[in-house]
1. What's the magnitude of the charge dipole for segment 221-283 around its Cα centre, counting Lys and Arg as +1 and Asp and Glu as -1 at the beta-carbon? Answer in Debye, nearest 20.
2. Binning every alpha carbon pair distance of segment 396-444 at 5 Å from zero, what are the percents per bin?
3. Excluding residues on the same chain fewer than 8 positions from K343, give the lysines whose Cα lies under 24 Å from its Cα.
4. Taking 1 over the mean of 1/r across every pair of different Cα atoms in the chain, what Kirkwood radius in Å do you get?
5. Per residue of segment 85-91, what does 6.51 cos²θ - 1.76 cosθ + 1.60 with θ = phi - 60° give for ³J(HN,Hα)? Whole Hz please, x for Gly and Pro, Karplus curve as stated.
6. Counting only residues 5 or more places away or on other chains, whose amide H sits under 5 Å from the amide H of Q360 once H atoms are built in the peptide plane?
7. Can you check how the C-alpha radius of gyration of segment 364-477 compares to 2.2 N^0.38 Å, as a plain ratio?
8. Hand me the GluC sites (Glu not before Pro) from segment 406-482 located in a DSSP loop with no more than 16 other Cβ atoms within 10 Å, in residue order please.
Amino acid sequence: MKGPTHVSSVPQTAPGDNQASTASIPNGETILSWVKDLAAITSRGTQTIDDHRSVNYLLNVFRSFGLSDIQVQEAPSLHWRADVSQLTIGSASIPHSPAVFCFDTGSTEFSTGPDGLTAAIVDVGDGGEEDFEKADVTGKIVLFNLRFLLPRSALLAVGEFLYDPNKTADPADMDTANPYLDNSEDVLERAINAGAAGFIGVLVDYFDSHDIRPEYLPDITVPGMWVTKANGEQIRTLVASGASTATMHLEGIRSPTPARTVIGFLPGRSTDTIMVQSHHDSAWHGGVEDASGTAEVLALARYYSQIPQQQRPKTLMFVLMDSHWTGYQAHAKFVEEFITNPKTPLRIVANVTLEHIAKQAEIGPGGTLQVFDRPEYRAVFENVSPVLKTVIEDAITTHDLQRTVRLPTDTLFPLIGELPTDADLIYQAGVPTISFVSGPLYLYDKADTIDMVYTPDLEPVAHAFAEIIDHLAATPNEQIGA
Ligand SMILES: [Zn+2]
């Protein structure tokens, strides 16, 4: 343990009741056990049709902590799956992954038919407007470079505070980009508007994997596939040597399925409520994304469940979302029912979002994924008062959360038009937000197993955020926001 044991800083109001002094944050081993339990449930939430597995697990854990009014909020979401996916150029079968949520035909099933789609390949490079002006893509398969748009340097540049006592931030790491923001939405809109019949996206800013499941994109009406940088070069070589067409076989389903959000409460002395959030769904194992964040929420729920209600000035609400990969319908439904048109007397006065306790990753020699036994660069996005900004910095420092930047959302939001975390819709609904997150390269990849979790920080992150939550609880509501 890096920091001092956390004890509630909230003044005791129930004389003789000394339970608070015995309340403790679960240790790293316990938090890791929750990460492992969750990561063992692969393709959680809307990745599997009508999936109850992680929901049932979390309900049991919430019950064991004695949370109250435990509930599951459902929202209609989507499941997408390919049952057949083949890409052939000449006689070469090209390794690839189908682009999730492509080929939206307006019905449940999609299929390129028994003969597949055979069309000419048009290379549009990075797929800018000028690239499309030069090319006729009508009826053709567009080959483009998938570019990640948010390098670490951009995030660190707009940060107001960086905790890096050992000066480990390396200028050589600064160009590595977060896979969250990429050019696919713009390029595919151009391609589809110009009448393209399909697409092949080359993962030029990625390590040597095509097993990527990026964020949900609507309205992709044509079939598409992701290939590695090396296979992109292979395709370009084949095209240069005379292979002018590609054949795609893609069949699968796009089916309605409910997203399920697990919610539990620890009532306080008032109905003013601090929401503590992560998401339980996953693309594959999702060790970092987001078994780690979910386990941090569990750690805080466990800790506060040991503190008597009289010593909690505000209600605590623990929320584990679904539909991160399938359109954030769970988040939208939550905002509607608890913030915009609340059906309960609860008033959410602050949001704390915890995601991704991650090891640092880089593209290593030969394009391999290189993982380091140190924390990935990370950020606390916030729009809170100057006093609470200092509280965040103190918590980061006290609990030695190295390579963490504090970044005001007011600076970031105008640049990218969203908060690049699961807190986005809650933040946009006007709730003051503190969102801890990192964006390692493997975040959306099959490679995100429990081995990617930076376990030394599991306990310190919980300590730091318990300290922050205690301050949110003790701060008058009107003094929380920036
Ligand atoms: Zn996440």
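Each value in this text was obtained by applying a stated rule to the coordinates, not by laboratory testing. Small disclaimer: the values here were computed from a predicted structure and weren't measured. Every residue, glycine as well, gets a Cβ built from its backbone with ideal geometry; the counts of neighbours run over all protein chains shown.
1. On the way: 5 positive and 4 negative charges, 9 e Å.
Charge dipole, segment 221-283, about its Cα centre: 40 debye, nearest 20.
2. With a bin width of 5 Å, the distribution comes to 4, 17, 25, 23, 18, 11, 2.
3. K343 reaches K314, K333.
4. Working: mean 1/r = 0.0429 Å⁻¹.
For the chain, inverting the mean 1/r across all distinct Cα pairs yields 23.3 Å.
5. So the Karplus estimates, Gly and Pro as x, are 8, 9, 9, 10, 10, x, 9 Hz.
6. Residues meeting the amide H criterion: F372, R374, E376.
7. Values: Rg = 15.6 Å, N = 114, 2.2 N^0.38 = 13.3 Å.
Dividing the Cα Rg of segment 364-477 by 2.2 N^0.38 Å gives 1.17.
8. When the GluC sites (Glu not before Pro) of segment 406-482 are filtered for loop state and at most 16 Cβ neighbours within 10 Å, E418 remain.
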